[in-house]
1. Looking at (1) touching a helix residue (DSSP H, G or I) at 6+ places or on another chain (Cβ under 6 Å); (2) within 10 Å of chain A (Cβ to nearest Cβ); (3) β-branched (Val, Ile, Thr), find the lone condition where B:Val216 falls short.
2. Would a scan of the stretch A:240-261 turn up a residue that is surrounded by 15 or more Cβ atoms within 10 Å (Cβ to Cβ) and over 21 Å from A:Ala45 (Cβ atoms)?
3. Check off (1) without any contact (Cβ under 8 Å) to a residue 60 or more places away in the chain; (2) more than 18 Å from the chain's Cα centre (by Cα) for B:Asp250 and give me the number that stays unchecked.
4. What are the residues in the stretch A:119-145 that are surrounded by 22 or more Cβ atoms within 10 Å (Cβ to Cβ), within 11 Å of another protein chain (Cβ to nearest Cβ) and of a type in the set (A, V, I, L, M, F, W, C), if any?
5. Could you look through the stretch B:229-239, keep only residues that are closer than 17 Å to B:Leu54 by Cα and aliphatic (A, V, I, L, M), and pick out the one that is surrounded by the most Cβ atoms within 10 Å (Cβ to Cβ)?
6. Hey, which of the helices (runs of 4 or more DSSP H) in the stretch B:1-114, taking only ones fully inside, have at least 1 residues that are surrounded by fewer than 24 Cβ atoms within 10 Å (Cβ to Cβ), more than 14 Å from chain A (Cβ to nearest Cβ) and under 19 Å from the mean Cα position of the chain (by Cα)?
7. Considering only the stretch A:172-185, I want to know if a residue exists there that is free of Cβ contacts under 8 Å to residues at least 60 places away in the same chain, more than 8 Å from chain B (Cβ to nearest Cβ), charged (D, E, K, R) and under 29 Å from A:Pro86 (Cβ atoms).
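The values are calculated or read from the model by the stated rules, or taken from the named source; none is laboratory data. All values reported here derive from a predicted model rather than from experimental measurement. In this analysis, Cβ positions are derived from the backbone assuming ideal geometry, glycine residues included, and neighbour counts consider all displayed protein chains.
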There are 2 protein chains.
Amino acid sequence: MNFTDMLRAATAQHGSLLCVGLDPEPARFPAGMQGDARKIYDFCAAVVDATADLVCAFKPQIAYFAAHGAEEQLERLMQHMRSNAPQVPVILDAKRGDIGATAEQYAKEAFERYGADAVTLSPFMGFDSIAPYLAYRGKGAFLLCRTSNPGGDDLQNQRLASVAGQPLLYEHLASLAQGPWNRNGQLGLVVGATYPQEIERVRSLAPTLPLLIPGVGAQGGDAAAAVRAGLRSDAPIIVNSSRAILYAGDGADFAGAARAQALRMRALLQAARR
Amino acid sequence: MNFTDMLRAATAQHGSLLCVGLDPEPARFPAGMQGDARKIYDFCAAVVDATADLVCAFKPQIAYFAAHGAEEQLERLMQHMRSNAPQVPVILDAKRGDIGATAEQYAKEAFERYGADAVTLSPFMGFDSIAPYLAYRGKGAFLLCRTSNPGGDDLQNQRLASVAGQPLLYEHLASLAQGPWNRNGQLGLVVGATYPQEIERVRSLAPTLPLLIPGVGAQGGDAAAAVRAGLRSDAPIIVNSSRAILYAGDGADFAGAARAQALRMRALLQAARR
């Protein structure tokens, strides 16, 4: 099944707009695992098992594995999700951005080695840095568009003199992704939750693209406002929360605490749909 | 020693502006190794040993290792370069671009796990996606500025209405990197070799930053024109060639063929300095 269909099905089946981000930090693991990078798989797999019926996607962030040389644990985790939660699409958060033969290598890493259903990408090098991923038909690719960190303004919020209508850079990108770049309907956009009016703006320029919205939970964005700004009847959104769920508890029942927090977040997001 | 001093010393000692890019593709390995991803280390180490006295830097591209699950071979290769060519700085070409805690993980990967002297980064998310790397004092960070692929125009070549003087996006970025972003003198810029007039433009806006110039050799840029456009007495440049050197020969003496090609390229670059 292709990524978009998987996403729609999981969203409907689980009544959920929530994506759990898997950003394992051994220093924050519960007692008994704390500080032990060899427990990355165990920690993440426990959270996956505790939340799989509550989410529309999982999103492992590869940096947290790479920093510890834990690629093999990431491979096992991806396999675990395919086996135990086959209905939940997995977005590999890698923000790759390179061209030609190098982009082909990264696409191979994401889709063949790890078996991800979608990947996040940086669009700075332009369309030919995106195209190699689209060669994997049915896989999804979320382009960074408007990020909610303070530095997001540095480039994304610059107004372009050279494009008709003088859009901001992120607005131009949203239009490209909705239009000429979106071969075979594989593209989505990453839009931070911090500024709901910018989610609305992206939605108006990209009326059908899936939006991946990080920045809620520990990062403090307003999840309900993000839903109202981004969700349309035929335009999916995915609201990510990582640390607020992963580290909801620090004891033996950390997975139960993660589930309780995921239930709260799912309900909050569902309430905003009404 | 910090990255900038290492680069200057290697450039002077070896009389070279040449960087050998390590982009291992098992399908292109010589007979006896061909198609065998377990030979990535052997292939790269042989090229390193054959060219170490001819270069100012090495640049492994991490995608070519990650696609094959060859992180452990990359670790060994980095160790090999530190042991056998300690005078040559190593730039890990990763083009990472993420924020906060995630960027810290990527910085840890590049500088602690792999022991790189510098890294390439994508600036799309702004300064706070760069800052975590600068916390490693003495390490270098090359920001993508103007890339020579066709899609490089898509965003980098847009004119900004919102910045004084209406620069192009890549010009604005060059000014930021030369100025407010360049804490502790750690930044450099990646500028493609295809358009020498754009290298000149970047050099005028960033008169002291090291420029990393890919796109010569197999990619066909004009190496001599790039040197004339970018080199100034106190502003280093690094001209990268990957495939033209790595795959200069396809027989048992591939390392000798790589050395011969590196000698030719070094001489071509030196001649352009005069």
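1. (2)
2. No - not one qualifying residue is present in the stretch A:240-261.
3. Of (1) without any contact (Cβ under 8 Å) to a residue 60 or more places away in the chain; (2) more than 18 Å from the chain's Cα centre (by Cα), only one is false for B:Asp250: (1).
4. Those that are surrounded by 22 or more Cβ atoms within 10 Å (Cβ to Cβ), within 11 Å of another protein chain (Cβ to nearest Cβ) and of a type in the set (A, V, I, L, M, F, W, C): A:Leu121, A:Phe124, A:Met125, A:Ile130, A:Leu143, A:Leu144, A:Cys145.
5. My answer is B:Val239.
6. B:3-14, B:40-51, B:71-84
7. yes
Each row is one residue, and each column tells you yes or no for (1) out of contact with any His (no Cβ under 9 Å at 6 or more places or on another chain); (2) at pLDDT 95 or above; (3) farther than 28 Å from B:Leu144 by Cα; (4) of a type in the set (D, E, K, R).
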residue: A:Ser83; (1), (2), (3), (4): yes, yes, yes, no
residue: A:Asp98; (1), (2), (3), (4): yes, yes, no, yes
residue: A:Ala101; (1), (2), (3), (4): yes, no, no, no
residue: A:Glu109; (1), (2), (3), (4): no, yes, no, yes
